[in-house]
Amino acid sequence: MQNFIEIERLKEKAAALGVSLDETALERFDIYAKALVEWNEKINLTAITQPQDIVTKHFADSLTLLRHLRAKHAGTLLDVGTGAGFPGLALLIADPALQVTLLDSIKKKLTVLQDILGRLSLSAALLHGRAEDLAHDARYREQFDAVTARAVAALPVLAEYCLPFVRVGGTFYAMKSVTAAEEVKDAQPAIRLLGGDRPQCKTMTLEDVGERCLILVGKRSATSQKYPRPSAKIAKEPLGQGKNLPKTK
Ligand code: SAM
């Protein structure tokens, strides 16, 4: 039977990222791409619908994170604002031993992900709600080795959403489309306040996608219970802007 995506191309792109995909994983990526396009006709999930673009802009891009997770021996991963499952579900397909939690504020997207997980015979925890609310729930707060987000918010906002979920010693990974040096600089005071280490930027050029920037933030100390602040407050005054940072000695 004809595949939906070009399997060999995906295999090569993944190999270039140091990710070896077996037959099962390749078949699952094919099923995922097909289901994504099918569901996208009913609910707006992604503007990327051409099979060759799904391979590069969704799958390969998501897989850029895997070697970093492996280097840190991450066993648990939370994907904040996962949408149609990027990068979390793609990472689970590549490494089914990862314990993946997919979080989104839009219930319909999680219904889609539940259906796709069923088709793939994979399981992940699905969390419905806003990150800034769920981060106060003791079941999730400071529980994850790795927390990631792609295309969700600017870094100071994203750090406030994500760092509270990271266990001390774990890492927050923000996936950005362009070199985010300025954004990183602006977010540094907020990151420090939230218990994060100095951010590290890893830039790379992904073939057929362009420049990508992965921002890694290690969690050095527990986040104060004051954070995340309520949604309206975060939106109105991102940490580090205005006068909302306490004075440091
Ligand atoms: N990460 C996916 C990707 O890269 O394809 C989806 C990106 S989409 C532009 C942003 C997603 O984040 C949406 O699904 C939206 O519902 C979700 N989102 C935005 N703010 C959120 C919040 N505060 N808590 C939970 N989900 C949020």
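In the stretch 48-63, what residues are under 23 Å from Gly118 (Cβ atoms) and in contact (Cβ under 8 Å) with a residue 40 or more places away in the chain?
Within the stretch 48-63, Pro51, Ile54, Val55, Phe59, Ser62, Leu63 meet the criteria.
Against the definition (of a type in the set (Ser, Thr, Tyr), crowded, with 24+ Cβ neighbours inside 10 Å and modelled with pLDDT of 95 or more), how does Thr82 come out, yes or no?
Values: of a type in the set (Ser, Thr, Tyr): yes; crowded, with 24+ Cβ neighbours inside 10 Å: yes; modelled with pLDDT of 95 or more: yes.
Considered against the rule, which asks whether it is of a type in the set (Ser, Thr, Tyr), crowded, with 24+ Cβ neighbours inside 10 Å and modelled with pLDDT of 95 or more, Thr82 comes out as yes.
Return the residue satisfying two criteria in turn: it lies in the stretch 75-108 and is hydroxyl-bearing (Ser, Thr, Tyr) and within 24 Å of Glu38 (Cβ to Cβ), and of such residues it is nearest to the ligand (Cβ to nearest atom). Reasoning before the result, please.
Of the stretch 75-108, the ones hydroxyl-bearing (Ser, Thr, Tyr) are 76, 82, 101, 105.
Filter again for within 24 Å of Glu38 (Cβ to Cβ), leaving 82, 105.
Details: Thr82: 5, Ser105: 4 Å.
Filtering the stretch 75-108 for residues that are hydroxyl-bearing (Ser, Thr, Tyr) and within 24 Å of Glu38 (Cβ to Cβ), the one nearest to the ligand (Cβ to nearest atom) comes out as Ser105.
Could you check the stretch 140-167 and list, in sequence order, the residues that are more than 10 Å from the ligand (Cβ to nearest atom) and of a type in the set (Ser, Thr, Tyr)?
Of everything in the stretch 140-167, just one residue is more than 10 Å from the ligand (Cβ to nearest atom) and of a type in the set (Ser, Thr, Tyr), namely Tyr140.
Would you check which residues across the stretch 204-231 are β-branched (Val, Ile, Thr) and either touching a Leu at 6+ places or on another chain (Cβ under 8 Å) or without any contact (Cβ under 8 Å) to a residue 24 or more places away in the chain (or both) and list them? So that I can check it myself, show each step before the final result.
Quick first cut of the stretch 204-231, residues β-branched (Val, Ile, Thr) only: 205, 209, 215, 217, 223.
Within the stretch 204-231, Thr205, Ile215, Val217, Thr223 meet the criteria.
Is it the case that Thr171 is assigned to a strand (DSSP E or B) and hydroxyl-bearing (Ser, Thr, Tyr)? Steps first, please.
Details: assigned to a strand (DSSP E or B): yes; hydroxyl-bearing (Ser, Thr, Tyr): yes.
Yes: the conditions hold for Thr171.
Quick check on this structure: which one of Leu66, Leu45, Leu26 is within 13 Å of the ligand (Cβ to nearest atom) and touching a residue at least 12 places away in the same chain (Cβ under 8 Å)?
None of the others qualify; the one that does is Leu45.
(1) more than 15 Å from the ligand (Cβ to nearest atom); (2) crowded, with 21+ Cβ neighbours inside 10 Å: which one isn't true of Pro51, the others all being true?
Result: Pro51 passes all but (2).
Keeping to the stretch 1-35, report how many residues are assigned to a helix (DSSP H, G or I) and within 18 Å of Asp208 (Cβ to Cβ). Write out each step before concluding.
Going residue by residue through the stretch 1-35, those that are assigned to a helix (DSSP H, G or I) are 7-16, 23-35.
Of the ones still in play, those that are also within 18 Å of Asp208 (Cβ to Cβ) are 7-16, 29, 33.
Final tally of qualifying residues: 12.
Restricting to the stretch 90-101, name every residue that is in contact with a helix residue (DSSP H, G or I) (Cβ under 7 Å, 6 or more places away or on another chain) and closer than 12 Å to Thr148 by Cα. Walk me through how you get there before you give the answer.
At the first step, the residues of the stretch 90-101 found to be in contact with a helix residue (DSSP H, G or I) (Cβ under 7 Å, 6 or more places away or on another chain) are 90-91, 93-95, 98, 100.
Selection gives Leu91, Val100.
Is it the case that some residue within the stretch 57-64 is touching a Phe, Trp or Tyr at 6+ places or on another chain (Cβ under 9 Å) and of a type in the set (A, V, I, L, M)?
Within the stretch 57-64, none of the residues are touching a Phe, Trp or Tyr at 6+ places or on another chain (Cβ under 9 Å) and of a type in the set (A, V, I, L, M).
Among the residues of the stretch 114-139, how many are within 13 Å of the ligand (Cβ to nearest atom) and surrounded by 20 or more Cβ atoms within 10 Å (Cβ to Cβ)?
Residues flagged as within 13 Å of the ligand (Cβ to nearest atom) and surrounded by 20 or more Cβ atoms within 10 Å (Cβ to Cβ) within the stretch 114-139 amount to 5.
Find all pairs meeting these conditions: Cβ atoms under 7 angstrom apart; at least six residues apart or on different chains; first residue within the stretch 109-121 and without any contact (Cβ under 8 Å) to a residue 60 or more places away in the chain; second residue assigned to a helix (DSSP H, G or I).
Qualifying pairs under 7 Å: Leu113/Leu89.
The values are calculated or read from the model by the stated rules, or taken from the named source; none is laboratory data. Worth saying up front: this structure is predicted, and the values here are computed from it rather than measured. So basically every Cβ, Gly included, is an ideal-geometry build from the backbone, and we count neighbours across all protein chains shown.
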